[in-house]
Amino acid sequence: MRNQFKSKAFVVIACVLGSMTATAQDDEEAASVQVGKDGSVRVKAPGATIETRGGSARVRTGGGVDIEADGATAHDDDREESDTRSRGGDSLELVDSGSTVTHDCGDGGKVEIVGSSNKVVLTGTCEFIEVTGSNNTVTAHTVRRIETTGSVNSVTWKHGPEKGKKPRISNTGSKNRIAQAR
């Protein structure tokens, strides 16, 4: 396929705006990405379809291969607030909206937050925090690098990588607030 989506920005915009469909058209090929308001994603390309919904994924190919995988976590769209705690030292990839998460980065975990209205508390030393989406609130104890590409996100950090040093910060989004905790 000649037309490829080269960044996560398209998917992030789709998540922020709600249900959305986009199509990349070529003379002989067509591809589409659909993001539902419930967070489901369907990617369709010539000869293959990938669907995710509620922690499950399904891959179907034109060659007769059909693979399904169920995630290890349950997702309740009706919840008002949840508190998820993850193991220390791991990296965290949070693709959700309206979640409350506490995560221990240990000594160098990486964190990626995609979605909206998440509340994330990070302990330990995070190597890298990337926030896309909108209206996320992130509090980190120690962090080496912060990158925000979404909008109206708040990232507060207590310590940089070394005493007296600030983390490296990249804020290419809009109306994001990145500040040291007082």
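The values are calculated or read from the model by the stated rules, or taken from the named source; none is laboratory data. These numbers come from a predicted model, not from an experiment. Because the Cβ atoms are built from the backbone with ideal geometry, glycine has one as well, and the counts that use them run over all protein chains shown.
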Restricting the search to the stretch 87-99, which residues are surrounded by fewer than 20 Cβ atoms within 10 Å (Cβ to Cβ) and either among the small types (Gly, Ala, Ser) or modelled with pLDDT of 95 or more (or both)?
88, 89, 91, 98
In the stretch 117-126, the residues that are surrounded by fewer than 18 Cβ atoms within 10 Å (Cβ to Cβ) and on the phi < 0 side of the Ramachandran plot:
119, 121, 123
In the stretch 114-125, which residues are hydrophobic (A, V, I, L, M, F, W, C) and modelled with pLDDT under 95?
114
Residue check, residue 177 under 21 Å from residue 97 (Cβ atoms), surrounded by fewer than 18 Cβ atoms within 10 Å (Cβ to Cβ), more than 15 Å from the chain's Cα centre (by Cα) and free of Cβ contacts under 8 Å to residues at least 40 places away in the same chain
yes
Given the structure, is residue 153 crowded, with 21+ Cβ neighbours inside 10 Å and either closer than 16 Å to residue 101 by Cα or not assigned by TED's automatic domain parsing to the domain that holds residue 100 (or both)?
yes
I'm checking my understanding of the structure. Among residues of the stretch 109-144 that are outside any strand (DSSP E or B) and of a type outside the set (Gly, Ala, Ser), which one is nearest to residue 171 (Cα to Cα)?
132
Among the residues of the stretch 127-143, write down those that are touching a Gly at 6+ places or on another chain (Cβ under 9 Å) and either surrounded by fewer than 21 Cβ atoms within 10 Å (Cβ to Cβ) or on the phi > 0 side of the Ramachandran plot (or both).
127, 128, 133, 135, 141, 142
